[in-house]
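K.L.:
One structure, as structure tokens, below. Some questions next.
The values are calculated or read from the model by the stated rules, or taken from the named source; none is laboratory data. Here the structure is a predicted model, which means the values were calculated and not measured. Cβ coordinates were reconstructed from backbone atoms using ideal geometry, including for glycine residues, and neighbour counts include every protein chain displayed.
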Amino acid sequence: MKKDKPVKNKQRRPDQELRLEQTLSRLFPDGYIVGGALRDHFLGRRFTDLDIAAPAKALTARGKTLAAELNASFFALDTENGVYRLTLKDCPLQLDLCAIQGPDISRDLARRDFAINATAYPLNAAGLSIIFSPNRGIILSGLKQPAVLDPFSGLKDLRAKRIALACPKAFTDDPLRMMRAFRMQAELGFELDPRIRPLIKKNARLIAKISGERIREEFLKILKPDGASERLGEMDSCGLLAALFPHAAHQKACAAAYYGKGGVLKHTFNALDRAEFLLANLKDAFPSFHASLKAEGLNEPLLKLAVFLHDIAKPATAKIMEGRLRFFGHESTGADMARELMERLRFSRDEIKFVSAVIREHMRPGNLAANSQVSDKAVYRFFRDLGNFAVPALLCCWADHASYMQVPELRRNLKRIQLAPKPIKPGSLPREGAVRTVRHLQVINQMLRLYFEERARILPEKILTGNDIMKEFKIPPGPEIGRLLELARLAQVQGLARDRKALLAYLKKNVKFKS
């Protein structure tokens, strides 16, 4: 079957390849491919973002011409420094145009963050091919190594899997690069040059100069790959974590006698590890409903953020009561603290609602586990109150309780955790240990199983309406209608009435109405 040839006009179908080198070299004859595109090309990684550095003169006009030829959107990211972006509808290709900083490309590369990002390749080089493929991303070919501008031995660092600075002033020029060092370490699996950590320790306080939006984006990227707690631990050892999140220093000094050296922060890191273990082992943890859970569309970085912040208020609420260290109210105080932090970092309203709801309610399943048994009524109320945030809250709670068990032991207990929790005597649950952890995880498993496999049992469809109530009992609109509808729903959950007639009879029998 004959393949479509790459096309170069705005009539391209979504499944066709797009050839770019002639258009780019015509519009930017003195331009260069720079940064991550070259790095990912030499590493053999798939990429869909292409950065072009070109002289500032007429950059805006030429960028708009390029956008018109590609039928792309064009907008400014930083007009002061001449940074623009092109995006195509229904296409992951992203083109960033940036004005060359300084008199030439060599000076521009000297201002960049890391040596592996400080390389360039001329757009007008003979034999260069740039094709965007919907399936393979951007494909660079025909590159000749002698034509690569590599003033800081970035290619050597790529081969050595090392992240080194391109410029000694990289962190003072842009303190966000301190976070980016750890993010790139995670994404690429590279080692940091030994000179980087001391420089971060020296300059950590400068991160306060960075806007909330930029910190938010970089921190979510740090959380995304596995091993988040290890990266955050490294950031903590450099003083960067506390500079970003002062609560981390307070957590580290809180409850060391209970959690061990590192206190609440150590527990937080363990919970993050267990969250990653759970996300990587959903099929083993929840064999009968893991596919349904995945279909919910988990926002994993945001869930990890909720786990990272779930005990943010423990230092502020810690009190010795009857000889025990307690943290009463840390969940509600923590939800408020998380909201303030996320507002400072310019998270969206929906993201803030997600994290604050998860934190506010993360203790509820554990409280249910202490009961003799978990009723459908209690499970209904949990899902009713949390709505779309109920499943993430349960996953956060799973990670929280699983943090008290080492991963090998946790793995050995996964089948036991899938068993339904047995009735227990009130007050008989141990304060700590494997029995307590397994009981908590069994309750969470049961709640998730009911939601995914027997949803009609705990969240039955509403049968009665407000009009039914008003008509049957001759009462006017008002809060009383909502109360009666909720009583009817609870009757459904408890199996006391299952149809309209039975529900109305139940209300007549159990509710006193004013005559």
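K.L.:
I'd like the residue in region 131-144 that is assigned to a loop (DSSP other than H, G, I, E, B) and buried (at least 16 other Cβ atoms within 10 Å of the Cβ) and, out of all such residues, is nearest to the chain's Cα centre (by Cα). Give the steps one after another, and end with the answer.
P.N.:
Taking region 131-144 first, the residues assigned to a loop (DSSP other than H, G, I, E, B) are 134-136, 142-144.
Then keep just the ones that are buried (at least 16 other Cβ atoms within 10 Å of the Cβ); that gives 134, 143.
Values: Pro134: 25, Leu143: 36 Å.
Looking at residues that are assigned to a loop (DSSP other than H, G, I, E, B) and buried (at least 16 other Cβ atoms within 10 Å of the Cβ), I get Pro134.
K.L.:
Any residue in region 96-115 that's acidic (Asp, Glu): show its pairings with residues that are assigned to a helix (DSSP H, G or I) at Cβ separation under 7 Å, as long as the two are six or more apart or on different chains.
P.N.:
That search, which allows pairs on different chains as well, returns Asp113/Ala170; Asp113/Arg177; Asp113/Arg180.
K.L.:
Pairs, please: C-beta under 9 Å, at least 6 apart or cross-chain, first residue touching a residue at least 40 places away in the same chain (Cβ under 8 Å) and in region 127-141, second among the hydroxyl-bearing types (Ser, Thr, Tyr) and surrounded by fewer than 16 Cβ atoms within 10 Å (Cβ to Cβ)?
P.N.:
Cβ pairs passing all conditions: Leu128/Ser141; Ser129/Ser141; Ile130/Ser141; Ile131/Ser141; Leu140/Ser129.
K.L.:
For region 425-441, give me each residue that is within 19 Å of Asp376 (Cα to Cα), in a helix (DSSP H, G or I) and either touching a Cys at 6+ places or on another chain (Cβ under 6 Å) or among the charged types (D, E, K, R) (or both).
P.N.:
First, pick out the residues of region 425-441 that are within 19 Å of Asp376 (Cα to Cα): 425-426, 439-441.
Adding the requirement that they be in a helix (DSSP H, G or I) leaves 439-441.
Correct list: Arg439 only.
K.L.:
Restricting to region 13-27, give me the number of residues that are under 28 Å from Glu187 (Cβ atoms) and outside any helix (DSSP H, G or I).
P.N.:
Here is the first cut: in region 13-27, the ones under 28 Å from Glu187 (Cβ atoms) are 14, 17-18, 20-21, 24.
Now restrict to residues that are outside any helix (DSSP H, G or I): 14, 17-18, 20.
Number of matching residues: 4.
K.L.:
Sticking with this structure for a sec: Of everything in region 381-395, what is of a type in the set (Lys, Arg) and in contact (Cβ under 8 Å) with a residue 12 or more places away in the chain? Give them in sequence order.
P.N.:
First pass over region 381-395, keeping only residues of a type in the set (Lys, Arg): 381, 384.
Result: Arg384, single match.
K.L.:
Inspect all residues belonging to region 145-164 and state whether any of them is surrounded by fewer than 20 Cβ atoms within 10 Å (Cβ to Cβ) and under 25 Å from Glu276 (Cβ atoms).
P.N.:
Checked against the condition, which is being surrounded by fewer than 20 Cβ atoms within 10 Å (Cβ to Cβ) and under 25 Å from Glu276 (Cβ atoms), region 145-164 yields at least one hit.
K.L.:
If you scan region 28-66, which residues turn out to be surrounded by fewer than 18 Cβ atoms within 10 Å (Cβ to Cβ) and at positive phi?
P.N.:
Gly44, Ala58
K.L.:
Grab the helices (runs of 4 or more DSSP H) fully contained in region 237-292, keeping just those with 1 or more residues being of a type in the set (Lys, Arg) and within 24 Å of Ala204 (Cβ to Cβ). Please lay out each step first, then the result.
P.N.:
Numbers: elements: 240-244, 247-252, 256-259, 263-280, 282-285.
Filter on region 237-292 gives 247-252, 263-280.
K.L.:
Oh, and also: Could you run through region 395-424 and say how many residues are assigned to a loop (DSSP other than H, G, I, E, B) and either farther than 23 Å from Arg326 by Cβ or in contact with a Phe, Trp or Tyr (Cβ under 6 Å, 6 or more places away or on another chain) (or both)? Spell out how you get there, then give the answer.
P.N.:
So in region 395-424, the residues assigned to a loop (DSSP other than H, G, I, E, B) come out as 403-406, 413, 418-424.
From the residues that got through so far, the ones that are either farther than 23 Å from Arg326 by Cβ or in contact with a Phe, Trp or Tyr (Cβ under 6 Å, 6 or more places away or on another chain) (or both) too are 406, 413, 418-423.
Number satisfying all stated conditions: 8.
K.L.:
Another one. When the residues of region 187-196 are narrowed to those that are in contact (Cβ under 8 Å) with a residue 24 or more places away in the chain and surrounded by fewer than 20 Cβ atoms within 10 Å (Cβ to Cβ), which ends up farthest from Gly36 (Cα to Cα)?
P.N.:
First, the residues of region 187-196 that are in contact (Cβ under 8 Å) with a residue 24 or more places away in the chain: 187-193, 195-196.
Narrowing further to those that are surrounded by fewer than 20 Cβ atoms within 10 Å (Cβ to Cβ): 187-189, 191-193, 195.
Numbers: Glu187: 12, Leu188: 12, Gly189: 15, Glu191: 17, Leu192: 17, Asp193: 19, Arg195: 22 Å.
Checked region 187-196; the qualifying residue farthest from Gly36 (Cα to Cα) is Arg195.
K.L.:
Same structure, new question: Name the single residue, out of those in region 44-57 being over 17 Å from Asp113 (Cβ atoms) and of a type in the set (A, V, I, L, M, F, W, C), that is farthest from the chain's Cα centre (by Cα).
P.N.:
Out of the qualifying residues, it is Ala56.
K.L.:
Also: May I ask you to verify whether Gly495 is loosely packed, with under 11 Cβ neighbours inside 10 Å and small (Gly, Ala, Ser)?
P.N.:
yes
K.L.:
Related question: Kindly provide the set of residues from region 425-445 that are surrounded by 14 or more Cβ atoms within 10 Å (Cβ to Cβ) and charged (D, E, K, R), ordered by number. Lay out the reasoning, then the answer.
P.N.:
Our first condition is that a residue be surrounded by 14 or more Cβ atoms within 10 Å (Cβ to Cβ); within region 425-445, this holds for 429, 434, 436-445.
Scanning region 425-445 gives Arg436, Arg439.
K.L.:
Using the structure shown, decide if His267 is more than 19 Å from the chain's Cα centre (by Cα) and in the same structural domain as Pro392 (by TED's automatic domain parsing). Steps first, please.
P.N.:
Values: more than 19 Å from the chain's Cα centre (by Cα): yes; in the same structural domain as Pro392 (by TED's automatic domain parsing): yes.
In short, yes.
K.L.:
Among the listed residues Leu232, Leu220, Leu240, identify the single one that is in contact (Cβ under 8 Å) with a residue 40 or more places away in the chain, under 20 Å from the mean Cα position of the chain (by Cα), closer than 16 Å to Pro301 by Cα and crowded, with 21+ Cβ neighbours inside 10 Å.
P.N.:
Numbers: Leu220 fails: crowded, with 21+ Cβ neighbours inside 10 Å; Leu240 fails: closer than 16 Å to Pro301 by Cα.
Residue meeting the stated conditions: Leu232.
Quick grid of which residues meet (1) surrounded by 14 or more Cβ atoms within 10 Å (Cβ to Cβ); (2) outside the structural domain of His401 (by TED's automatic domain parsing); (3) among the hydrophobic types (A, V, I, L, M, F, W, C); (4) closer than 21 Å to Pro408 by Cβ:
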| position | (1), (2), (3), (4) |
| --- | --- |
| Gly227 | yes, yes, no, yes |
| Cys254 | yes, yes, yes, no |
| Leu278 | yes, no, yes, yes |
| Leu309 | yes, no, yes, no |
| Glu322 | no, no, no, no |
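K.L.:
Further, regarding this structure: Among residues belonging to region 204-219 that are assigned to a helix (DSSP H, G or I) and out of contact with any Leu (no Cβ under 7 Å at 6 or more places or on another chain), point out the one that is nearest to Lys266 (Cα to Cα).
P.N.:
Narrowing region 204-219 to residues assigned to a helix (DSSP H, G or I): 204-209, 212-219.
Filter again for out of contact with any Leu (no Cβ under 7 Å at 6 or more places or on another chain), leaving 205-206, 208-209, 213, 217, 219.
Numbers: Arg205: 23, Leu206: 25, Ala208: 24, Lys209: 28, Glu213: 27, Glu217: 24, Phe219: 19 Å.
Filtering region 204-219 for residues that are assigned to a helix (DSSP H, G or I) and out of contact with any Leu (no Cβ under 7 Å at 6 or more places or on another chain), the one nearest to Lys266 (Cα to Cα) comes out as Phe219.
K.L.:
So how many residues does region 466-505 have that are closer than 18 Å to Phe382 by Cα and touching a Pro at 6+ places or on another chain (Cβ under 9 Å)?
P.N.:
Residues meeting the conditions: 3.
K.L.:
If a residue has to be assigned to a loop (DSSP other than H, G, I, E, B) and more than 18 Å from Gly233 (Cβ to Cβ) to count, how many in region 171-203 make the cut?
P.N.:
Residues of region 171-203 assigned to a loop (DSSP other than H, G, I, E, B): 174-175, 189-190, 193-195.
Subsequent filtering for residues that are more than 18 Å from Gly233 (Cβ to Cβ) retains 174-175, 193, 195.
Within region 171-203, residues that are assigned to a loop (DSSP other than H, G, I, E, B) and more than 18 Å from Gly233 (Cβ to Cβ) number 4.
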